[in-house]
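A short write-up of the structure that comes next.
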Amino acid sequence: MKHITKEVQIALVAIVAIVVLFIGMQFLKGLVLFSSDVAYNVKFSDVSGLSATSPVYANGYKVGVVERIDYNYERPDDITAVVGIAKEMQLPEGTTAEITSDLLGNVRLELHLGNSPSRIAPGGIIMGSIEQGLMSKASAMVPQIERMLPKLDSILASVNALLADPAIAQSLQNVEHITAGLNTTTAELHQLTASLNRQMPAMMQKADGVLSNSETLTKNLSDLDVAATMASVNATLSNVEQMTARLNSNDGTLGLLMRDQSLYRNLNATMAHADSLMIDLKSHPKRYVHFSVFGKKDKQF
């Protein structure tokens with residue numbers, strides 16, 4: 001075989017290309033032809049979304065891949081998914097598998113490891129199930145939503161009746177008026193604040209003047225001789241007491257005038273006589289005053 005024909009060369013190149021293409025496609029799918037993974041059989045009654053090359057996770061870490069799915073046409077509820085798990089991963093007894101999917105629709109197989117000290121032998125059987133997704137949970141809530149719809153309808157009717165009440169519109173108008181009043185009040189407060197800010201320096205100056213006067217008054221009070229003043233007041237009060245005592249006694253003239261009843265009666269009688277004399281003087285003036293050109297005549301009474 002010293003000479004290989006071109007046809008044979010082309011055939012060999014084509015075979016190598018096909019093998020490389022097959023291996024590349026399997027690698028892109030996540031399958032490794034010459035891997036050391038250990039195969040396990042997972043039993044399902046429904047494998048919705050699961051397919052070959054789907055990843056297998058345990059505690060959030062990828063530990064294998066679904067190699068193939070064997071469908072039993074005689075027993076449709078008996079489906080076997082053959083998964084390849086890394087040989088370092090020892091699956092304890094009681095481990096289960098669950099088909100899960102995220103919001104983007106990516107499907108994977110999640111292993112829930114058991115607590116048994118014994119291990120599942122390679123090629124052993126693992127029971128599988130399907131996670132209740134969002135759509136399944138939503139469908140389970142449909143009966144409750146249907147029971148709530150009449151109540152929601154009545155609530156909406158009540159809300160519509162409430163909104164149609166003219167009092168609501170009137171209240172909204174009142175709120176608008178109140179808001180306008182508050183805006184006006186706020187503007188006035190701003191003006192008042194600005195006025196106070198302008199008048200504050202003058203007010204502070206007046207306050208300083210008042211404080212200065214207060215300090216001067218306090219200083220004058222402190223400089224005042226309180227002892228001499230009190231001595232003078234005491235002397236005055238003593239004189240007043242002496243004068244009061246003399247008025248109350250019969251020794252002085254003022255005391256006699258205030259306390260002697262006979263003097264009061266004499267003065268009263270004198271005033272009465274003086275009054276009678278004045279009346280008679282007014283009635284008969286000629287008795288008391290006489291004037292003649294020709295000489296003096298005797299008075300006639």
Answer residue from the stretch 108-147, given it is of a type in the set (A, V, I, L, M) and modelled with pLDDT under 80 and is nearest to ALA58 (Cα to Cα) among those: LEU134
From the options ARG108, ARG68, residue that is of a type in the set (D, E, K, R), within 18 Å of ASP37 (Cβ to Cβ) and touching a residue at least 40 places away in the same chain (Cβ under 8 Å): ARG108
Residues satisfying the stated conditions in the stretch 214-233, i.e. surrounded by fewer than 10 Cβ atoms within 10 Å (Cβ to Cβ) and part of a helix (DSSP H, G or I): ASN220, LEU221, SER222, ASP223, VAL226, ALA227, ALA228
Residue list for the stretch 92-129, filter: loosely packed, with under 13 Cβ neighbours inside 10 Å and of a type in the set (A, V, I, L, M, F, W, C): LEU103, LEU104, ALA121, ILE125, MET127
Residue tally, condition in contact with a Ser or Thr (Cβ under 9 Å, 6 or more places away or on another chain) and in a loop (DSSP other than H, G, I, E, B), over the stretch 68-79: 4
Among (1) of a type outside the set (Gly, Ala, Ser); (2) at pLDDT 85 or above; (3) within 30 Å of PRO55 (Cα to Cα) - the single one LEU103 does not satisfy: (2)
Only one of VAL56, VAL65, VAL42, VAL82 that is assigned to a strand (DSSP E or B) and in contact with a helix residue (DSSP H, G or I) (Cβ under 9 Å, 6 or more places away or on another chain): VAL65
Pick from the stretch 54-91, criterion polar (S, T, N, Q) and in contact with a strand residue (DSSP E or B) (Cβ under 6 Å, 6 or more places away or on another chain), ranking: surrounded by the fewest Cβ atoms within 10 Å (Cβ to Cβ): GLN90
SER195 being of a type in the set (Ser, Thr, Tyr) and modelled with pLDDT under 80: no
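The values are calculated or read from the model by the stated rules, or taken from the named source; none is laboratory data. Since we're looking at a predicted model, the values are computed, not measured. Here Cβ is always computed from backbone atoms with ideal geometry, including for glycine, and neighbour counts include all displayed protein chains.
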